[in-house]
Amino acid sequence: MKRGIFILLILSIILTGCWNRRELNELAITLALGIDKSEDEYLISAQVVVPGEVSLTGGKVGSPVTLVQARGGTVYEAIRKMTKSSPRKIYPGHLRMLVLGESVAEEGIGDPLDLISRDWEFRSDFYVVVAKEDTAEHILNIQTPLENIPANKMFNTLKVSEENWSATSGVTIDELIVDLRSEGKEAVLTGILATGKQEGGSSKQSLETILSNINIQYDDLAVFKDDKLVGWLTENESRAYNGIINEVKSTVAAISCPNEGKANIEVLDFKSKLKGNVKNGNPEVDINVKIVGNIGAIECPIDISKPESIEALEKIYEKEVEETINNSITSVQEKYEADIFGFGDAIYRSNPKEWESLKNQWNQHFTELPVTIKVDVKLRKTGTVNNSITEPRKE
Amino acid sequence: MGFFYEKKNDQLKPTTPSKSQTKEPIEKQILKTNLQDNLKTIKDTLGESTDIVIREILIGNKGTVKAGIIYTDGLSDAPSLQNFIMETLMLDIKDTEVESEITPNPELMNTLKDFAMTVGEIKNVTLFEDLFTALLSGDVVLLLDGFSEGFMIGNKRWAERGVTESTTQTVIRGPREAFSENIRINTALIRRKIKDPNLWMESRMIGKLTKTNIAVMYIKGIANDDIVEELRMRLDRIDIDGILESGNIEELIQDARISTFPTVYNTERPDVVASALLEGRIAIIVDGTPFVLTLPALFVQFFQSSEDYYQRAEFTSLVRFLRFFSFAIALLAPALFIAATTFHHEMIPTALLINLAAQREGVPFPAFIEALIMEITFEILREAGLRMPRAIGSAMSIVGAFVIGTAAVEAGLISAAMVIVVSITAIASFVSPTYDMAFTARILRFIFMGLAASFGLFGITVGLIALILHLCSIRSFGVPYMYPIAPFNLTDQKDTFVRLPKWKMFTRPRLISQQNINSQQPPDVAKPEPEKKNE
């Protein structure tokens, strides 16, 4: 008996064949995946790292990444078909970016995303973006300066701009799927586009000039209704969107001074609270925004050594934030009828019972939803100087 | 070695029966009355070995008494033999009244013992067995004609190494002296540290042929009597022809027979033994080796160094952590690396993964084989470094650096990351203050590598669970090996992962010394605090 167990143990080590073992040089490390749709076929583009080109010792001759492509009726089929052209199996465990072509976004992203959410090899923290007026294939076919792996450049750019500018929104796949499934919130994705000359981006020569011929940059947010792209927000609307869903970490806002000129506010802390309410069967939403900021730059004659001027600036900023948010909501309500702000969720949270009767006609309710906005701004510091450096001359 | 004993055994057995009429082996016989018979027996038994010196002399008034002095050349102190035994018997005695009493009378033995022998240690011997043991241990045997009895006179002295600095357990701060090969010097070194009448020593002789002296030392009243009794029992059970080093004893008395983990501690430092005795442990000193055993030995003990108690407590705690961490590295680093790079790519940060993948481009072997090649190469180098003559050492290290180093990477055989992993593993295994625990990590590392290559992290986890189960199941002389971690004891944590200051350590390890627990006054008294002025 004891010997039997022993032999079984030995066999289990020797004969298992190291299930699932894959050496590092058998992997096609895929950092970005693009999905396009033409006619009835998906075109999948995988940006795969060429390790030899990235290493510190060798390489630097060829491109650090290569694009593996395949067409198929479904996403899964196409990904497996890639082995026809790639010596290594696609390994998406380190995926950083999923780029959806505009064509796919317009037709609906639910189906192609199913595999990506179901397969265990995919992680759940990569960003999803939409190629604005472009194909994913083209976006993934562009060399980038600073970060020699384009997928890393896309990932880091989105992360940095989300934290410091707040007009973009880094949506990871799990957040996107939550939004797609949710009844009280529609999905929003950041747009990505290629700027500059449209040709020759895949060659390293495009990086040989100081100003690259072609560059990838993020644009404003794409609005989805159900799982279909319905339109794009403007920059101000994008920032308002991030403000409403409390996703602003830090940003800079230009406001008008009391008399003339402009002042800049550096936002340090931005907190917004959504509160849903149902009164006599009619839903309504309160937005409460609290902003703490510094004065970042003064480009107008104002004496900020006086507390009154600071208060005046606070008042102006409060008003401008309120207006931006208000305009954005109105515009989304009118143009897209898609509740991207998650007002429905807010109402569900506060009045779950009433929500049951509201949710069927929520799109209708959303367009007519009254929104109350309250903004409170506190300006704390004025930087290393007091008044504008040009002030004496202006007097 | 076995061959050697066998040969000697054969020589002893067949030669004796022809000479003696009785069936009993010669060692069991009683001395005869005739001096010549005795001397002949001795010569025959020892095969006329050339290092045995037999000197026949005449003593007493006009040489009325025939006597034989037998000793082993090289083991006995020649000057003191001449000055205090031969000179006394042959010359000095003539000027005294005693001489007249030296006649073949029955009281002669006692007279000589009481009046003539100017030496410290003297014992009567009646059995050949005792005679040979004494003779071959370096004592001088004095036989008198007409008596079936003789004297064994303590006169041992042979060439030996003095007390030198410890080479296996070096410290920066602390006593430098180390044990030597002589059991007496070793016991003396311990006595010099603990001058308490309760420090008891029991001696016995183990090894049918080597007759090795073994001393068991413990502090009566602190050491657990049950453990002492258990040890006596285990030592009595030993029936072996030779004990050449304390390692022989260790293997014969340890609890866990099939385990890579040592359950008996060994050291060549007297201060370590002294502190072990103070904690209630028992020391076994074996003649002929500087390595003294202490027991019970617990897992955490192998991560403690004597210096821990001489350095500041804070520093020691940090170093303790480092040692456990290094042990984990020595045990698991290659296994974790193999598991992560062949099974769990998603665990590695993206930038690192790309980097590692770049290094692996063109490496022909799977990660496991790669690691195995490197580990085995390192083991070969280490073993060669230990055994080869010192003079070749520097040449060896140059070659070694080539084999495990950039040359191997440049040749495209090994990835650079693997070189780093194997090197850090090798270095980490040397952090262990005891060699035994480093051995354990070395052996188990290969098992973990195999598990990692077959099952990934899952295999490592199962292996670790099995390891912990094993550790928790073994005992050292009745004390659970993992004490005070499992079973957990809060008080004894004072000297496990951290070391509290000396004024906080006021109890002895509870499971080792079950009596007389307090090693100093309660903490409020012991804590050195300046007296507060009443103002």
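A few remarks follow.
- Segment B:114-206: trypsin sites (Lys or Arg not before Pro) in DSSP coil with no more than 15 other Cβ atoms inside 10 Å: B:Arg157, B:Arg161, B:Arg173, B:Arg176, B:Lys195
- Of the trypsin sites (Lys or Arg not before Pro) found in segment B:311-366, those that fall in a DSSP loop while having at most 14 other beta-carbon atoms within 10 Å are B:Arg312.
- Dipole magnitude for segment A:284-348: about 180 debye, using +1 per Lys or Arg Cβ and -1 per Asp or Glu Cβ, origin at the Cα centre.
- FRET efficiency, A:Lys225 to A:Cys300 (Cβ-Cβ, R0 51 Å, nearest 0.05): 0.75
- The B:Met347 and B:Trp158 beta-carbon pair, evaluated with R₀ = 60 Å, returns a calculated FRET efficiency of approximately 0.45.
- Alpha carbon centroid spacing (whole Å) that separates segment B:114-168 from segment B:367-388: 50 Å
- Calculated from backbone phi, Karplus (6.51, -1.76, 1.60) coupling profile of segment B:330-337 in Hz, x at Gly/Pro: 4, 7, 10, 3, x, 4, 5, 4
- Relative contact order (%) - criterion: Cα under 8 Å, at least six apart; region: segment A:236-395: 31 percent
- Considering only B:Ile284, B:Val264, B:Leu199, and ranking their Cα positions along the charge dipole of segment B:183-297 that arises from unit charges at the beta-carbon of Lys, Arg, Asp and Glu, the one farthest toward the positive end is B:Leu199.
- Residue-averaged beta-carbon neighbours from other chains (10 angstrom radius) around A:47-55: 4
- Using the Cβ-Cβ distance between A:Arg123 and B:Arg390 with R0 set to 60 Å, the FRET efficiency from 1/(1 + (r/R0)^6) comes to roughly 0.65.
- Taking a ≥ b ≥ c as the square roots of the eigenvalues of the Cα gyration tensor, segment B:65-109 is oblate, since a/c reaches 1.5 or more and a/b is not larger than b/c.
- Partner chain coverage, peptide B:364-375 - average Cβ within 10 angstrom: 1
- Nearby lysines by direct alpha-carbon distance to A:Lys273 (threshold 22 angstrom, same-chain neighbours under 8 apart not counted): A:Lys185, A:Lys249, A:Lys290, A:Lys315, A:Lys319, A:Lys353, A:Lys359, A:Lys374, A:Lys378
- Sites matching chymotrypsin sites (Phe, Trp or Tyr not before Pro) across segment B:429-472 that sit in DSSP coil, with at most 14 neighbouring C-beta atoms within 10 Å: B:Phe430
- Cα gyration tensor, segment A:236-395 - rounded (a/c under 1.5), prolate or oblate: prolate
- Inter-label distance, nm, simple model (7 Å from Cα along the C-beta direction), B:Leu127/B:Lys504: 5.6 nm
- Longest segment of chain A lacking chymotrypsin sites (Phe, Trp or Tyr not before Pro) that sit in a DSSP loop with at most 12 other Cβ atoms within 10 Å: A:121-395
- Of interest is the spacing of the C-alpha centroids, which for segment A:352-388 and segment B:438-484 amounts to 58 Å.
- Ignoring aspartates and glutamates fewer than eight residues from A:Lys81 along the same chain, the ones with Cα atoms less than 20 angstrom from its Cα are A:Glu26, A:Asp36, A:Glu39, A:Asp40, A:Glu41, A:Asp111, A:Asp114, A:Asp119, A:Glu121, A:Glu137.
- Segment B:178-254 versus segment B:50-88: alpha-carbon centroid distance in Å: 33 Å
- Computed from backbone phi with θ = phi - 60° and the Karplus coefficients 6.51, -1.76 and 1.60, the 3J(HN,Hα) list for segment B:38-46 is 4, 4, 5, 4, 4, 4, 5, 5, 8 Hz; x is used for glycine and proline.
- For B:Lys66, the lysines whose Cα comes closer than 27 Å to its Cα, not counting residues fewer than 8 places off in the same chain, are B:Lys19, B:Lys28, B:Lys32, B:Lys40, B:Lys43, B:Lys94, B:Lys113, B:Lys123, B:Lys156.
- Maximal additional length on extending the B:Asn34-B:Met86 stretch stands at 16.6 nm, based on 0.36 nm per residue less the C-alpha distance.
- Point-to-point label distance, A:Lys89-B:Arg184, nm (Cα→Cβ direction, 7 Å offset): 7.5 nm
- Prolate/oblate/rounded label for segment B:314-451 (Cα gyration tensor, a/c 1.5): oblate
- Sequentially through segment B:367-378, phi angles give Karplus couplings (6.51, -1.76, 1.60; θ = phi - 60°) of 4, 5, 5, 4, 5, 5, 4, 5, 5, 5, 4, 5 Hz, Gly and Pro residues having no value and appearing as x.
- Charge dipole (Cα centre; +1 on Lys/Arg Cβ, -1 on Asp/Glu Cβ; no other charges) of the protein assembly as shown amounts to roughly 2300 debye.
- Cβ-placed point charges (K, R +1; D, E -1), dipole of chain B about Cα centre in debye, nearest 20: 1080 debye
Each reported figure results from applying straightforward, stated rules to the coordinates on display, with no laboratory input. All values derive from a computational prediction rather than experimental measurement. Backbone-built Cβ (ideal geometry, glycine too); neighbour counts: all protein chains shown.
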